[in-house]
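Written out below as structure tokens is the structure these notes cover.
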Amino acid sequence: MHKISLLSLTFFALVAIAASGPGVCPSPCHCHGDLQHVICDDVGIKKIPRVSDNTRLLNMQRNNLPVLPTGGFGSMKGLISLHLQHCHIKEISGQAFKGLKKLVYLYLSNNEISIIKPGAFEDLTELTYLYLDNNRIPDLPKGIFTPLANLFILQLSDNKLRELRPGTFSGAKDLRWLHLSGNELTSIHPSALDEVENLAILHLDRNRLSSYPVSPMSKLRVVEELSLSKNPMKVIPDEAFQSFGRYMEKLYMDNMGLERFSDGAFNGVTALKSLHIENNKLSSLPSSLSFATVENITLSNNNWMCNCQLAPLRRWMDSSRLRPDATCASPSQYRGQQIRESTAFSNCRQKSKRDKKGTRH
């Protein structure tokens, strides 16, 4: 009886080993498409399962994996998409993703990551989309993104980043979308963006930048969408957007406590379609701001002085189907009037004609 029991136990042990091997669906996950999709979402696993070489997508969301160890995914040579959201991850070890040379999508959002060891992203030469938002990352090791030559979107919003240092984005030369909203940035080193001059979308909103980062921004060439909302900046300087002005279509600068634009702030900006500057302390707009391409503008809750300097804005309102909310704060006789309806601008066109005529003589 004893020998039979021992043989039985050995048999069941071998079955269990086979069941957890790379040729079958790992327990307690479920799989689809001949093991191409392995779904281990919220199944209570505490270590990385072994999966088939056929596996293209591994979903491990909502488990408990506090540390991603070195080489933990090394056997998954064919993996293209890896989902690790809500896994209580605190640390990513060096070479954590070693071997994943075909990986394109890596989702690490909504964890507790505060440590990313140097070399963490080694081997991820095909990675295109990297999501690290909603974590606790305080800084980024120099060259951490160097292996990511094909990175297109980098999501780093809602972390604890305090500064961007030189070499942070070294190697990520094809990066096009960079999301840094909701961090604690107080400064951006002048050369921090040197390696990512082809950014098309840059979100810096909800940070602590008290002055416009002129030098690093001047390295950018093709920004189409820029968000600076909810940074405590008071002044936007001359030529702020000039290096990418012929590409910039969307600009968000609401809720900043912004007091003024320097008169040449919009020099070189020729493609602007959408401008959001509500909830500031602005009284005027600079002469460099052209409304020729503008399709949408938000202006409410500012201290607008309704005089001829705002006449180009009023003319744009008269020609637009939109009716943006914006009221005069001064002069006193126009206070509370909607700019689009105010009589403050009735003489501006005539004055403009007289000024031009005087200039010709």
Among the residues of region 274-292, write down those that are closer than 15 Å to P324 by Cβ and part of a loop (DSSP other than H, G, I, E, B). I277, E278, N279, N280, L282, L285, L289, F291
Going by the structure shown, is L175 touching a strand residue (DSSP E or B) at 6+ places or on another chain (Cβ under 8 Å), in a loop (DSSP other than H, G, I, E, B), crowded, with 18+ Cβ neighbours inside 10 Å and not aromatic (F, W, Y)? yes
Given the structure, is A271 touching a Phe, Trp or Tyr at 6+ places or on another chain (Cβ under 9 Å), part of a loop (DSSP other than H, G, I, E, B) and more than 26 Å from L132 (Cβ to Cβ)? yes
The condition of being in a loop (DSSP other than H, G, I, E, B) and under 23 Å from I144 (Cβ atoms) holds, among R221, R208, only for R208
State whether the residues of region 124-138 include one that is surrounded by fewer than 16 Cβ atoms within 10 Å (Cβ to Cβ) and touching a Gly at 6+ places or on another chain (Cβ under 9 Å). no
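So that you can scan it fast, the table gives a plain yes or no per residue for (1) in contact (Cβ under 8 Å) with a residue 40 or more places away in the chain; (2) crowded, with 17+ Cβ neighbours inside 10 Å; (3) more than 22 Å from G33 (Cβ to Cβ):
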position	(1), (2), (3)
L65	no, yes, yes
P69	no, no, yes
G72	no, yes, yes
L79	no, yes, no
L84	no, yes, no
C87	no, yes, yes
I92	no, yes, yes
A96	no, yes, yes
L100	no, yes, no
Would you check which residues across region 300-314 are in contact with a helix residue (DSSP H, G or I) (Cβ under 8 Å, 6 or more places away or on another chain) and outside any strand (DSSP E or B) and list them? C306, N307, C308, L310, A311, R314
Of all residues in region 285-323, how many are under 30 Å from the mean Cα position of the chain (by Cα) and at pLDDT 95 or above? 17
Could you look through region 22-57, keep only residues that are more than 20 Å from Y105 (Cβ to Cβ) and of a type in the set (A, V, I, L, M), and pick out the one that is farthest from the chain's Cα centre (by Cα)? V24
Which residue pairs have Cβ atoms under 8 Å apart, sit 6 or more places apart or on different chains, and have a first residue in region 24-46 that is among the small types (G, A, S) and a second that is part of a loop (DSSP other than H, G, I, E, B)? S27/S20; G44/P28; G44/N63; G44/N64
If a residue must be touching a strand residue (DSSP E or B) at 6+ places or on another chain (Cβ under 7 Å) and either touching a residue at least 60 places away in the same chain (Cβ under 8 Å) or closer than 14 Å to F291 by Cβ (or both), how many such residues does region 309-331 contain? 4
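The values are calculated or read from the model by the stated rules, or taken from the named source; none is laboratory data. Remember, predicted model here, so these are calculated numbers, not experimental data. Reconstructed Cβ throughout: ideal geometry from the backbone, glycine too, with neighbour counts over all protein chains shown.
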